[in-house]
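Values quoted throughout were computed directly from the atomic coordinates according to the rules given, and no laboratory measurement underlies them. Please read all numbers here as calculations on a predicted model, not as lab measurements. Cβ: placed from backbone, ideal geometry, glycine included. Neighbour counts: every protein chain shown.
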Amino acid sequence: MKQEDGELDTLVRKRIRGLRVAMGLSLDDLAARCFLSPSTLSRIETGHRRIGLDQLAAIARALDTTIDHLVEPADDSDVVIRPQRDEARGITRWMLGRDPSTTVAKLRLTRPAPTGTSLLKVHPGRDWFTVLSGTVELALGDRRILVETGQAAEFSTMIPHAFGAHGGPAELLAILDHEGGRSHLRLPE
C-alpha cells in the first residue's frame with residue numbers, strides 16, 4: 001500500500017497534535033519550546049499552513065522525537081508479531097522492534113546451552129535479558145550461571161557466551177545490539 005503525500009501530511013499534523021496533547025502541552029507551551037508563534041503552530045496542526053522542514057525539525061525536537069518518527073508511513077498492515085521457529089537450534093523468537101540498531105526479541109528456548117567453549121560466541125557490545133518463565137543457563141566464559149524467572153542478566157559480549165534452557169523450556173525478553181542480533185538470532189546483515 002503506497003501512502004499518498006496528502007495522507008502523510010495529514011498524518012504528520014495528527015501526530016504533532018497527538019504528541020503535544022499526550023505531553024500535556026498547550027499550543028502556547030509547544031510554540032515557546034519550538035520558537036514558533038501559537039497561531040503558526042495552530043495553523044500547522046489544522047492544515048491551514050504548510051510545514052517547512054526547519055519548522056518540522058524544531059517541532060520534533062520540542063516534542064522529544066525525531067523527524068523520522070513524525071513522517072514514518074502509517075503502514076500498520078502487519079501489526080501481529082508472528083513467531084519464527086528454529087527447530088534445529090531449539091529457539092522460537094518474536095521480533096519486537098523495528099529499529100535496526102537494536103534487536104528486542106522474546107525468545108522461547110527448548111535446548112540447553114551448548115557445552116564446550118568452542119561453541120560460545122563473541123561479538124562487540126553488551127547483551128541484556130530478563131527471564132519471563134523457566135530458568136535460563138548462561139554460559140559465560142568458563143562459568144555457568146542460572147538465571148531464574150524474574151531475574152535479569154547483562155554482560156559484555158566480548159566474553160565468550162551462549163544461553164539455553166535449563167530443566168525445561170524457558171522464555172526470555174532480550175535486548176541485543178546489532179551484532180548480538182546477528183549472532184544469536186541469525187538476522188540478515
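Cα centroids of region 104-180 and region 25-54: 47 Å apart.
Remark: the Glu87-Leu11 segment gains 23.2 nm on full extension, using 0.36 nm per residue and subtracting the alpha carbon distance. Subtracting the Cα-Cα distance of Asp54 and Arg111 from their residue separation scaled by 0.36 nm leaves 15.2 nm.
Projected label points at Arg126 and Thr149, each 7 Å from Cα along the beta carbon direction, are separated by 2.8 nanometres.
Full extension of the chain between Asp68 and Leu173 gives 35.2 nm of extra length, using 0.36 nm per residue less the Cα-Cα distance. Counting other Cβ atoms within 10 Å as a rough exposure proxy, the listed residues His69, His166, His161 run His69, His166, His161 from fewest neighbours to most.
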